[in-house]
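Q: So that we are looking at the same thing, I have put the structure below in structure tokens.
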Amino acid sequence: MTRTRILVATAVVMILALVTVAGIALYRRTLGLDRRDRETPEMISRQIVALDTERAALRAKLEDLIVRDPRLTGMPDTPVRVAVPTTLARDLVERVIAGVADQVTLELRNIRVRRTGTVRRVVTLGTYDLTVTVDRVLARLRAGTPRLTFGSNRVAVALPLTLASGTGRATVDFRWDGRTIGGAVCGDMHITQPVTGTVVPRTYPLSGALELTATDAEIRVQPRLPRLRVHIDVNPAAESWAAAQKIIDDKRGLCGFVLDRVDIMGVVDRLIERGFDVRIPTEKVTAMALPVGVEPTLLVRGEPVALGIRVGDLTITEHAIWLGAHVSVAIGDQAITKTAPPD
Amino acid sequence: MAARAVGRHRAGLLAAALTGVVTLAGCDAGYDGGGGLRAQRVVLEREVEGLRAMVQRLERGEPMLPPNDVAVGVDEALVRDLIVAQLPFETDVDRFHVRLTGADVQFRGSPTVQLRGRLQVRDQPDLTAAVTLFGALDDVRIDHASSTLEATVAADHLTIAEVTGVAQFLSGSTIDEVARLVRIEIGAKLPTIRIPVKVQEAIAFPAVTDGPVRVDGARMPLEVAVSQVVAARGRLWVSVSVTPGAFAPLEAPPAAGGRR
């Protein structure tokens, strides 16, 4: 080996050694292997022992404290449990009752009263045909503050229901067919006149119950309310009444006798005075679901999968309405049934 | 012939020397093999932190969950089944293929989740290892599209063990570094965990239109949000705040055929 070769080889070895040392330094620096704060396994082990001791103490304390939480009373022993606080249930039910009642409109249309007859004074003077048509009575309901009493699986409910406001409109149609038998007689006559009025407010006490039931997916609140019949009274508007009376008065003269006998406004008055009875279809008030429940289907890897759900009984305590459910997950042929106890 | 043999011998020596250097570079007797311990510590820290907060709250006389919120409790066994239902989970991270096949769930102070599986070097299938991902259910929320509860698995730590092939000669620190890389990458890819509890965002009433009594359809919106999450005694407790809004009439359905 020549001297040159030896020099070159030495240089190559030295360069390689330098590159290796630099590489090692870079490698250790990248991985943070020479950090001063780097922890040894012994340090971590000591921390683990300390954490483990603290965990044991905290768990014992928690066991002691958690059983004192009154809200957990009545909690079902099922894999899934939902507690709806009675305060929230009360708030929701109150709002729903008030909200739904405020949407109720009573509407009566085309109620007709017809009276026909003959007016005689020694001889027949003519025949009349009086029809009073209640074109439309519109009234709105408003609920007062409900009183709810929780107990068992029912919630007693009592509330004032007010027939709050409304209007009515009727049309008076009077036809007189006068017999012309010589002399001064009341000839044919046709009067059509609208009469308007306002609904008289009236409050009805309504009491019933809300029945709570658990379905596979939710807690349902089904109202059980008695049949309610409301009576609508209409107070005729003074101007409208006066206008109708004036029209009739203008026709008096020769027809005064006839109009007195028929007493058009008396018929209207008696019809209005009798009022209108309307039955509120309380049985049609639909059930509502409390807004939290068990979802029977889940998306697993993008595919909907039906879960096996068996709902337990509802438990109602002072603090909460509890819904418990056994849920099992079955994917393909592999049904995982550990969460659902055998029937 | 002899010269070639000498050359091969030199090349072999050089390769052995380089492997040794690289291995030794990452090797550090005092620090090696800390991955498993760190994983254990992460899980313990999470749990102790959760327990501390809960004990403090209960000691102050406060309830475990806000008293006016809906409380949803789910057992750890069911959540484990729900996670297992989403397995196997497979993904590629850098040069590795990860396949997670098993899960363990513990709700003791914190909602910890362990996912187990294997890691494989993609272009060298004989290089495999067992992986365990230590994490926790995080960001429990209401999915507004499905109105169900869902959560993310936050990946805290990942350990690699039972290494096969030449990779078993790698130092503990090197393996820890690979584990860190895989953990960071895989954390963002883990599937969302869906909890089979639905939370409605409105209460609606259909219209009643027949007869003299007419009830207009109405809807009461509900503002719902997860307010607190507690893991205790093998259960995950999710507290959902429900704030009712004002009743509003239901929009009338469009006329058939879209004609006005």
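The values are calculated or read from the model by the stated rules, or taken from the named source; none is laboratory data. As the structure is a computational prediction, the values presented were derived from the model and not from experiment. Using ideal geometry, Cβ is built from the backbone for each residue, glycine included, and neighbour counts are taken over all protein chains shown.
Q: What about B:Ala85, is it under 17 Å from A:Val305 (Cβ atoms) and more than 9 Å from every other protein chain (Cβ to nearest Cβ)? Step through it out loud before you land on a result.
A: Numbers: under 17 Å from A:Val305 (Cβ atoms): yes; more than 9 Å from every other protein chain (Cβ to nearest Cβ): no.
It is false that B:Ala85 is under 17 Å from A:Val305 (Cβ atoms) and more than 9 Å from every other protein chain (Cβ to nearest Cβ).
Q: Looking only at segment B:113-133, count how many residues are surrounded by fewer than 24 Cβ atoms within 10 Å (Cβ to Cβ) and under 15 Å from the mean Cα position of the chain (by Cα).
A: So the answer is 4.
Q: Out of everything in segment A:11-58 that is among the acidic types (Asp, Glu) and modelled with pLDDT of 80 or more, what residue ends up being farthest from the chain's Cα centre (by Cα)? Walk me through how you get there before you give the answer.
A: Just the residues of segment A:11-58 that are among the acidic types (Asp, Glu), to begin with: A:34, A:37, A:39, A:42, A:52, A:54.
Now restrict to residues that are modelled with pLDDT of 80 or more: A:42, A:52, A:54.
Numbers: A:Glu42: 62, A:Asp52: 50, A:Glu54: 49 Å.
Among those that are among the acidic types (Asp, Glu) and modelled with pLDDT of 80 or more, it is A:Glu42.
Q: Given (1) more than 8 Å from chain A (Cβ to nearest Cβ); (2) outside any strand (DSSP E or B), where does B:Ala204 come up short, assuming only one miss?
A: B:Ala204 satisfies every listed condition except (2).
Q: Among the acidic types (Asp, Glu), farther than 19 Å from B:Lys189 by Cβ, more than 9 Å from chain A (Cβ to nearest Cβ) and touching a residue at least 24 places away in the same chain (Cβ under 8 Å): which single residue out of B:Asp126, B:Asp69, B:Asp156, B:Asp92 fits that description? Steps first, answer last, please.
A: On the way: B:Asp69 fails: more than 9 Å from chain A (Cβ to nearest Cβ); B:Asp156 fails: farther than 19 Å from B:Lys189 by Cβ; B:Asp92 fails: farther than 19 Å from B:Lys189 by Cβ.
That would be B:Asp126, the only listed residue that is among the acidic types (Asp, Glu), farther than 19 Å from B:Lys189 by Cβ, more than 9 Å from chain A (Cβ to nearest Cβ) and touching a residue at least 24 places away in the same chain (Cβ under 8 Å).
Q: Here is a further query. Can you tell me how many residues in segment B:234-260 are within 30 Å of B:Met64 (Cα to Cα) and either modelled with pLDDT under 80 or part of a strand (DSSP E or B) (or both)?
A: The number of residues fulfilling the criteria is 10.
Q: Residues B:Asp138, B:Asp126: which one is farther than 20 Å from B:Gly50 by Cα, in a strand (DSSP E or B), among the charged types (D, E, K, R) and modelled with pLDDT under 90?
A: Numbers: B:Asp138 fails: farther than 20 Å from B:Gly50 by Cα.
Only one candidate passes the filter, namely B:Asp126.
Q: Quick check: is even one residue across segment A:241-264 within 36 Å of the chain's Cα centre (by Cα) and not basic (Lys, Arg)? First the steps, then the outcome.
A: Just the residues of segment A:241-264 that are within 36 Å of the chain's Cα centre (by Cα), to begin with: none.
No, segment A:241-264 has no match at all.
Q: Restricting segment B:222-235 to residues that are touching a Leu at 6+ places or on another chain (Cβ under 7 Å) and not β-branched (Val, Ile, Thr), which is surrounded by the most Cβ atoms within 10 Å (Cβ to Cβ)?
A: By that ranking, first place goes to B:Ala232.
Q: Any residue in segment B:203-221 that is under 26 Å from B:Gly109 (Cα atoms) and touching a Leu at 6+ places or on another chain (Cβ under 7 Å)?
A: Of the residues in segment B:203-221, the ones under 26 Å from B:Gly109 (Cα atoms) are none.
Taking every residue of segment B:203-221 in turn, none turns out to be under 26 Å from B:Gly109 (Cα atoms) and touching a Leu at 6+ places or on another chain (Cβ under 7 Å).
Q: Same structure, new question: Could you check, for segment B:185-197, whether at least one of its residues is surrounded by fewer than 15 Cβ atoms within 10 Å (Cβ to Cβ), within 18 Å of the chain's Cα centre (by Cα) and more than 12 Å from chain A (Cβ to nearest Cβ)? Spell out how you get there, then give the answer.
A: Residues of segment B:185-197 that are surrounded by fewer than 15 Cβ atoms within 10 Å (Cβ to Cβ), as a first pass: B:188-189, B:192.
Remaining after also requiring within 18 Å of the chain's Cα centre (by Cα): B:188-189, B:192.
Filter once more, so that each one left must be more than 12 Å from chain A (Cβ to nearest Cβ): B:188-189.
Yes, some residue in segment B:185-197 is surrounded by fewer than 15 Cβ atoms within 10 Å (Cβ to Cβ), within 18 Å of the chain's Cα centre (by Cα) and more than 12 Å from chain A (Cβ to nearest Cβ).
Q: Between B:Ala151, B:Ala145, B:Ala231, B:Ala179, which is more than 8 Å from chain A (Cβ to nearest Cβ), assigned to a strand (DSSP E or B) and either more than 23 Å from A:Thr297 (Cβ to Cβ) or over 18 Å from the mean Cα position of the chain (by Cα) (or both)? Before the answer, list the steps.
A: Values: B:Ala151 fails: either more than 23 Å from A:Thr297 (Cβ to Cβ) or over 18 Å from the mean Cα position of the chain (by Cα) (or both); B:Ala145 fails: assigned to a strand (DSSP E or B); B:Ala179 fails: assigned to a strand (DSSP E or B).
Every option except B:Ala231 fails the conditions.
Q: Sticking with this one: Taking the residues in segment A:103-122 that are over 19 Å from A:Thr198 (Cβ atoms) and within 14 Å of chain B (Cβ to nearest Cβ) as candidates, determine which candidate is nearest to the chain's Cα centre (by Cα). Please lay out each step first, then the result.
A: Of all residues in segment A:103-122, those over 19 Å from A:Thr198 (Cβ atoms) come to A:103, A:110, A:112-122.
Remaining after also requiring within 14 Å of chain B (Cβ to nearest Cβ): A:103, A:110.
Working: A:Gln103: 11, A:Asn110: 32 Å.
It comes out as A:Gln103.
Q: Of all the residues that make up segment B:43-68, how many are part of a helix (DSSP H, G or I), at pLDDT below 85 and of a type in the set (Asp, Glu)?
A: Adding up the residues that qualify gives 1.
Q: Could you tell me whether B:Ala136 is outside the structural domain of B:Leu222 (by TED's automatic domain parsing) and under 30 Å from B:Pro221 (Cβ atoms)? Break it down into steps so the answer makes sense when it comes.
A: Values: outside the structural domain of B:Leu222 (by TED's automatic domain parsing): yes; under 30 Å from B:Pro221 (Cβ atoms): no.
No.
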